[in-house]
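Enquirer: Okay, handing you the structure first.
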Amino acid sequence: MPALVLLGAQWGDEGKGKATDLLGGSVDYVVRYQGGNNAGHTVVVGDQKYALHLLPSGILSPECTPVIGNGVVVDPSVLFSELNGLNERGVDTSKLLISGNAHIITPYNVTVDKVTERFLGKRKIGTTGRGIGPTYADKINRVGIRIQDLYDESILTQKVEAALDGKNQLLTKVFNRRAIEAGKVVEELLSYADRLKPYVADTVLVLNRALEDDKVVLFEGGQGTLLDIDHGTYPFVTSSNPTAGGACTGTGVGPTKISRVIGILKAYTTRVGSGPFPTELFDEDGEALRRIGGERGVTTGRDRRCGWFDAVIARYATRVNGLTDFFLTKLDVLTGWEQIPVCVAYEIDGKRVEELPYSQTDFHHAKPIYEILPGWSEDITSAKSFSDLPKNAQNYVKALEEMSGAPISAIGVGPGRDETIEINSFL
Ligand code: GDP
Ligand code: IMO
Ligand code: MG
């Protein structure tokens with residue numbers, strides 16, 4: 001069993017943290033391949049709840065080596081506070097490995113993220129304000145700072161100066177802000193170097209060697225398919241590739257090594273920030289999903305926008321990721337509705353459309369066409385097998401599976417590790 005990818009099939013917050021943690025005890029490596037501390041992954045172990053932002057969820061499994069791959073953007077101050085928080089709770093974090101090629105979120109990237117959003121006003125993306133977009137922009141513009149740069153002061157200084165030249169023009173002349181001093185930034189970045197050093201590794205080599213030795217490697221996506229910079233609802237997306245291909249570029253492991261791609265799929269839909277969302281609810285059902293599902297951002301504390309399940313999106317996620325399985329989460333949240341609408345297609349300018357339109361204009365015009373499925377009222381949180389579920393819940397799962405294009409191999413019936421129904425083993 002070589003490498004598996006676990007990723008969000010919708011707009012993020014599908015329950016990736018829980019799913020990764022569930023497998024963490026049986027895999028050798030858990031690797032983040034993109035994104036940064038814009039992610040908020042919740043893991044509940046017994047009566048303990050952890051909110052992880054940058055660290056892979058495998059950090060909570062003692063046997064597992066957590067890895068931050070080259071495709072991730074790292075804010076060192078956030079990394080240290082997350083490590084400190086876990087250490088205080090008795091979690092050993094010493095096995096962590098970080099790619100020397102991962103880019104650093106510098107203080108000026110955070111500043112640019114915030115002022116850009118403010119400048120956009122009504123047209124803002126609704127970013128997490130963590131400097132993610134500007135850091136990836138610097139990477140692509142070839143003025144980024146990498147972890148390895150912290151170990152050559154002269155190179156670091158030149159790079160920070162180069163990055164700030166243009167930005168200071170922008171900050172002072174366009175955004176009416178004070179210029180940022182390169183010297184101060186260099187000083188701050190150098191202060192992280194010693195503490196980071198033991199974690200820095202050639203993670204490409206480590207992971208490929210591990211796979212040659214038949215170790216099991218799990219790639220944990222941040223965000224979700226519809227937030228992908230290439231395949232998501234651009235421009236209302238994040239600035240990286242959460243889709244399956246990102247696992248290869250973000251870690252240096254080739255696609256031939258990946259045997260399984262698991263899409264984490266919420267039994268309804270949520271989204272944070274701006275952008276189109278055809279099944280969004282503005283009524284008491286939306287409010288109830290938010291309340292019962294605890295749909296509030298782990299990173300920003302913002303209320304999540306909520307709506308019914310959208311099978312068009314699930315089919316799209318199957319296609320662009322080559323999904324082999326789904327892990328359906330939060331089925332328990334739907335308990336109590338007499339009838340549950342599921343979006344099976346869109347109506348766009350009077351025509352029925354079965355697949356996600358590639359045109360942004362069409363997607364903005366998409367109205368959901370619903371099929372109404374019968375609900376259930378029995379508590380399902382202690383169900384251990386598929387047959388423990390009430391008939392209507394079974395039928396809901398089967399209907400979603402048929403519409404979505406890949407088998408549902410696990411079902412979440414609560415936030416805890418044990419509150420999971422396993423149908424097909426992932427390993
Ligand atoms: P992630 O970003 O994909 O890791 O997801 P988040 O942690 O942001 O949001 C998912 C929320 O749902 C968290 O509060 C989880 O504890 C919770 N959760 C995950 N799976 C289930 C489930 O099957 N049922 C319920 N009720 N909660 C779940
Ligand atoms: P996890 O990993 C949900 C959203 C933001 C915003 C857009 C761009 O917990 O699923 P960014 O700061 O990335 O430039 O913001 O992407 N976003 C998320 N939404 N879950 C996340 O992560 C997200 N990470 C970013 O709300 O709309
Ligand atoms: Mg989240």
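Enquirer: Could you pull out every residue, at least 5 positions away or on a different chain, whose amide H is within less than 5 Å of the one on R296? Hs are placed 1.01 Å off N in the peptide plane, and Pro or chain starts have none.
Expert: Under 5 Å from the amide H of R296: R304.
Enquirer: Under 12 Å from a label point 7 Å along Cα→Cβ of Q169: give me every residue in segment 78-122 with its amide N that close.
Expert: none
Enquirer: Pick out which of I372, I105, I59 has the largest mean-square fluctuation in a Gaussian network model of the chain, springs linking Cα atoms closer than 10 Å.
Expert: Evaluated over the chain, the most mobile residue of the options is I372.
Enquirer: Classify segment 190-242 as rounded, prolate or oblate from the Cα gyration tensor: take a ≥ b ≥ c as the square roots of its eigenvalues, call it rounded if a/c is under 1.5, otherwise prolate when a/b beats b/c and oblate if not.
Expert: oblate
Enquirer: How many nm is it between the label spots at F119 and K391, if each spot is 7 Å from the Cα in line with the beta carbon?
Expert: 6.1 nm
Enquirer: Moving to a separate point now. Straight distance only, please: which aspartates and glutamates reach the Cα of K95 with their own Cα at less than 12 Å, same-chain residues fewer than 8 apart left out?
Expert: D28, E63
Enquirer: Would you mind checking the pairs K114/K184; K16/K114; K124/K173; K18/K266 and listing those with alpha carbons more than 24 angstrom apart? Don't jump to the answer; show the numbers that get you there.
Expert: Numbers: K114/K184 20 Å; K16/K114 27 Å; K124/K173 21 Å; K18/K266 12 Å.
Checking Cα-Cα distances, K16/K114 exceed 24 Å.
Enquirer: So for segment 103-196, averaging the separation of alpha carbon pairs under 8 Å that are six or more residues apart and normalising by length, what relative contact order in percent results?
Expert: For segment 103-196, the relative contact order is 27 percent.
Enquirer: Also, I was wondering about something else. Please state the Cα pair-distance histogram of segment 215-374 with 10 angstrom bins from zero: what percent is in each bin?
Expert: 10, 37, 36, 15, 2, 0
Enquirer: Here's another thing I want to ask about it. Where the only charges are on Cβ atoms (+1 Lys, Arg; -1 Asp, Glu), what is the dipole of the chain about its Cα centre, to the nearest 20 debye?
Expert: Dipole of the chain, to the nearest 20 debye: 1100 debye.
Enquirer: Kindly write out, for segment 232-249 in residue order, the coupling ³J(HN,Hα) from the Karplus curve 6.51 cos²θ - 1.76 cosθ + 1.60 (θ = phi - 60°), rounded to whole Hz, with x marking Gly and Pro.
Expert: With the stated coefficients, segment 232-249 comes to x, 8, 4, x, 8, 9, 9, 9, 9, 10, x, 5, 4, x, x, 5, 7, 5 Hz.
Enquirer: Along the positive direction of the dipole of the chain (beta-carbon charges: Lys, Arg +1; Asp, Glu -1; about the Cα centre), which of P235, S377, L6 reaches farthest?
Expert: P235
Enquirer: From the residues F363, G25, V353, which one has its Cα farthest along the dipole of the chain in the positive direction, the dipole being from +1 and -1 charges on Cβ of Lys/Arg and Asp/Glu about the Cα centre?
Expert: F363
Enquirer: Can I ask one more? Amide H of I145 versus every other amide H placed in the peptide plane: which residues, excluding those fewer than 5 positions away on the same chain, fall under 5 Å?
Expert: I104
Enquirer: Compute the relative contact order of segment 124-259 as a whole-number percentage, counting only Cα pairs closer than 8 Å that sit 6 or more residues apart in sequence.
Expert: 19 percent
Enquirer: How big is the chain in terms of Cα radius of gyration and Dmax, in angstroms?
Expert: Gyration radius and largest Cα-Cα distance of the chain: 21.6, 67 Å.
Enquirer: Kindly write out, for segment 82-88 in residue order, the coupling ³J(HN,Hα) from the Karplus curve 6.51 cos²θ - 1.76 cosθ + 1.60 (θ = phi - 60°), rounded to whole Hz, with x marking Gly and Pro.
Expert: My calculation for segment 82-88 gives 5, 4, 4, x, 6, 4, 4 Hz in order.
Enquirer: Also: Under unit Cβ charges (Lys, Arg +1; Asp, Glu -1), what dipole magnitude, rounded to 20 debye, does segment 103-196 have relative to its Cα centre?
Expert: Using only the charged Cβ atoms, the result is roughly 740 debye.
Enquirer: Shifting gears a bit: Contact order normalised by length for segment 228-289, with contacts defined as Cα pairs under 8 Å and 6 or more residues apart; what percent is it?
Expert: On the way: 32 pairs, mean separation 14.5, N = 62.
23 percent.
Enquirer: So, by mean Cβ neighbours within 10 angstrom, what's the order for 287-299, 223-235, 23-35 with the highest one leading?
Expert: Values: 287-299: 16.9, 223-235: 22.9, 23-35: 24.5.
Listed from highest to lowest mean packing, they are 23-35, 223-235, 287-299.
Each value in this text was obtained by applying a stated rule to the coordinates, not by laboratory testing. All figures in this text were calculated on a predicted structure; none of them were measured in a lab. A quick note on method: Cβ atoms are made from the backbone with ideal geometry, for glycine too, and the neighbour counts reach across all protein chains shown.
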